[in-house]
1. Test each condition in (1) closer than 19 Å to SER20 by Cα; (2) surrounded by fewer than 17 Cβ atoms within 10 Å (Cβ to Cβ); (3) in contact with a Gly (Cβ under 7 Å, 6 or more places away or on another chain); (4) not hydroxyl-bearing (Ser, Thr, Tyr) for GLN127 and report the one that comes out false.
2. Residue by residue through the range 160-184, note down the ones that are outside any helix (DSSP H, G or I), touching a residue at least 12 places away in the same chain (Cβ under 8 Å) and not basic (Lys, Arg).
3. Quick one: in the range 93-128, which of the residues that are among the hydroxyl-bearing types (Ser, Thr, Tyr) and part of a helix (DSSP H, G or I) is nearest to SER147 (Cα to Cα)?
4. Can you list the strands (runs of 3 or more DSSP E) lying wholly within the range 1-70 that have 2 or more residues being under 30 Å from GLU107 (Cα atoms), within 16 Å of the chain's Cα centre (by Cα) and modelled with pLDDT of 95 or more?
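The values are calculated or read from the model by the stated rules, or taken from the named source; none is laboratory data. Small disclaimer: the values here were computed from a predicted structure and weren't measured. Backbone-built Cβ (ideal geometry, glycine too); neighbour counts: all protein chains shown.
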Amino acid sequence: MAAKRQHWIYTLGDAALRESAQQWRDRKSSQGKLYELLQTSDQETPAGRLAVVGNDDVLYVYATASPAGIGLTHKTPTGLAAHLAAEGLDPGHRDLKLFFARSGESETGSPSYAEAVYEALRSRYPQIVVYGFLGDVSPEGFESHKSAGMAAGETPADLNEGDWNTRRLRASLNRVQFPKPGKL
């Protein structure tokens, strides 16, 4: 039997986001899934927290996003890449999911945040696959699935399950990846 993959939720944001991450972890753990939480303080200073993340584990960066960057210290894609390395993420790591609003969306002529993080990481992390999400995101959804692709300011509480299904708001359906599939 294959071992279950460990999922890590690494938070960059305020106390409300950290509380949301705890609820996400508790909900997934109650289902028997392996989710652990790695929280930063408001200063978001590296302290080697990511050294425990295995290369085959899934690492979610759960953050607040603004036009200036992510987290309370407004990390740019290059800044986030440097921060992950400073936090001790092993260069053999493979699965990074940027779980914050519009991390996978690109403006005309510009790469998405996720693509820019991938570009900043790929020389140090040659096996890394970076995932971004479309629209607003939430660790909550129906049947304990994460939501993505929602309109700005929309939450799963604003939807019924039928609308959620019709609009295909399950996070896995609103995910982009870098490098593109088949380009590894």
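1. (1)
2. Let us first name the residues in the range 160-184 that are outside any helix (DSSP H, G or I), namely 160, 167-170, 175-184.
Checking which are touching a residue at least 12 places away in the same chain (Cβ under 8 Å) leaves us with 167-170, 175-179, 184.
The answer is LEU169, VAL176, GLN177, PHE178, PRO179, LEU184.
3. TYR113
4. Values: elements: 7-12, 35-39, 58-63.
The strands (runs of 3 or more DSSP E) meeting that bar are 7-12, 58-63.
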